[in-house]
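These notes concern the structure reproduced below.
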Amino acid sequence: MPSPAKQPVDPAQVHARLLATLADLEAKRDAIIRTFPSYTSKSHPDMHGVASDTPKAQSESASEEPTEQPVTPQDTAEALLLARTTIKRHIRLLHGYNEIRDVGQGLFGILAEQRGVRIVQVMEEFGVGVDD
């Protein structure tokens, strides 16, 4: 069976689609960066600097709508640094958790062996499920 004939590709259409995709991805990236605390406190200092129940804060919030500040390359760098730092912290905490869990499993094994029962029975006695 002959293969279908390929339609000629218009480079201008491909370029336009790529630019639209790039703009969409940049908008999504900026929306994510705007959720980071460093961006939020920079663009809306009244959220962290003045309590919202003070008369000054109430009058300012009633008269001014916060404007959306553009995301700068520095904002992007700060967001990436915060994300990397958070990921490293989570990995470190997971390593600690795994070490503690392994020690606990070992203790359950020792107790089960001394008692001549299955590890699951010892875990149930201490209120620990198999999935914990």
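Taken together, the values in this text are just the output of simple stated rules run on the coordinates, not laboratory data. Model, not experiment: these values are computed from the prediction. Please note: Cβ atoms are built from the backbone with ideal geometry, for glycine as well, and neighbour counts cover all protein chains shown.
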- Net lengthening on full extension, V14/I91 (0.36 nm per residue, minus Cα-Cα): 23.6 nm
- Message: Full-extension gain between E124 and L81, please, as 0.36 nm times their residue separation minus the C-alpha to C-alpha distance.
- Response: 11.2 nm
- Residues L80, L111 in order from fewest to most other beta-carbon atoms within 10 Å are L80, L111
- Task: Please say if the stretch 84-132 is rounded, prolate or oblate, where rounded means a/c under 1.5 for a ≥ b ≥ c the square roots of the C-alpha gyration tensor eigenvalues, and otherwise the choice is prolate for a/b larger than b/c and oblate otherwise?
- Result: prolate
- Within a Cβ distance under 15 Å of R118, other residues only, what is the Lys/Arg minus Asp/Glu net charge? -2
- Query: What's the local net charge at D132, with K and R +1, D and E -1, over the other residues with C-beta under 15 Å away?
  - Reply: -3
- Could you let me know the centre-to-centre spacing of the stretch 71-120 and the stretch 5-32, using Cα atoms, in angstrom? 40 Å
